[in-house]
Amino acid sequence: MASTGATGHADRWMRYFADSGHEVHLISSGTAPDEGIGNIKLHLLKRYDPHNRMISYLINALPMTIQLKKIISDIKPEVLHAHSVEDTALMGAISGFHPFVVTPWGSDVLVAPRESRMSKWRVKYSLKRADLITCDAEHIKGPLIELGANPGKIKIICFGVDVRKFKPGVIYENLRKELGIANSPAVITCRRLDPNCDIASLIKAVPLVLAEIPAAKFVIIGRGSEEEKLKELAGSFNIAESVRFIGWVPHDELPRYLTAADVYVSTALSDAGIAASTAEAMACGLPVIITDFGDNRKWVEDGVNGFLIPLRAPEVLAARIIHLLKHEDDRKKFGQVNRQVIEERNNWAKEMEKMGVLYAELVTTFQKR
């Protein structure tokens, strides 16, 4: 199997098949992944990176496509899989290799095609040439079909959570001391610090929470284009002492941070299915407060295993945080339900087993042609 694109979901997806004995190659137009890739074979496409994204695309499109075709010719994969419908998916489509699988992540089909005609063309071209399209949410199907995807080729495969790694467990007191939350109720978020994740709404909720619970602390894990802006916003509210910007944390370390907190929050404006970090927090037995859009209602029932809040609503968010920090029984009850939900419906190993069946069916189909 050869995969194009490399971050988060794709890394864990590839690891499953590599660890299961398959030969997996990662072809990336960026840099090597932040974490080691084990027995996955890495191929980096050479590219020139001017500051302007459009110029970069125009300069690199043809040379990288030629490189990609050469790599495919050398390794002779049974399946080519593009994660995220962006530049590498287009190159995979242009390569003419089949069977070709595409997995959109969310904003690549929900946002980018609306903001740019070029993005819309790239996405449509890639989807039309895909032999199989997987997504992790029902509400993504409509936009995919509008962009030209064949409805019969769309399958739901959740990215899933490794429930053996992300689970309720020991609270690491040393980590709580390092974070300065040893004797404090703690709220955590693990989203990118970019406009779509709207961490600003969480920052704006903090003073309202502190007015009721002065000891509360907020742990923000992640990095992104708005990091400095968000730190300045926290400073403007005089809440810097109550907010911990941790930066990037290796995926293997995330369970320790999640189990050290009391409540998980996601203020994102859009996602495909349930966000990976939300599902991981649920697997660790945390109550969650997340924005009400897309398929989130299929995972969180308001007042049963968490709270759903409107987009850009810091006042509502603050009220829900205050409730959970003041009501330990609700935190425990919500967390127990969340663990069960993820074990039953978003288990990484079970989802990848389903994907393995789809890969096998594709290979068999094309071998018969």
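The values are calculated or read from the model by the stated rules, or taken from the named source; none is laboratory data. Here the structure is a predicted model, which means the values were calculated and not measured. Backbone-built Cβ (ideal geometry, glycine too); neighbour counts: all protein chains shown.
Overview of results
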quantity	calculated
The listed residue being under 24 Å from residue 347 (Cα atoms) and either surrounded by 24 or more Cβ atoms within 10 Å (Cβ to Cβ) or over 16 Å from the mean Cα position of the chain (by Cα) (or both), out of 316, 249, 288	288
Selection within the stretch 238-287 - under 26 Å from residue 108 (Cα atoms) and aromatic (Phe, Trp, Tyr)	248, 264
Strands (runs of 3 or more DSSP E) wholly inside the stretch 53-168 that include at least 1 residues being in contact with a Ser or Thr (Cβ under 7 Å, 6 or more places away or on another chain), in the same structural domain as residue 271 (by TED's automatic domain parsing) and hydrophobic (A, V, I, L, M, F, W, C)	none
Residues being in contact with a helix residue (DSSP H, G or I) (Cβ under 7 Å, 6 or more places away or on another chain) and in contact (Cβ under 8 Å) with a residue 60 or more places away in the chain - total across the stretch 290-312	3
Long-range neighbours under 8 Å by Cβ, at least six apart or interchain, first residue aromatic (Phe, Trp, Tyr) within the stretch 339-351, second not in a helix (DSSP H, G or I)	348/159; 348/160; 348/161; 348/162; 348/163
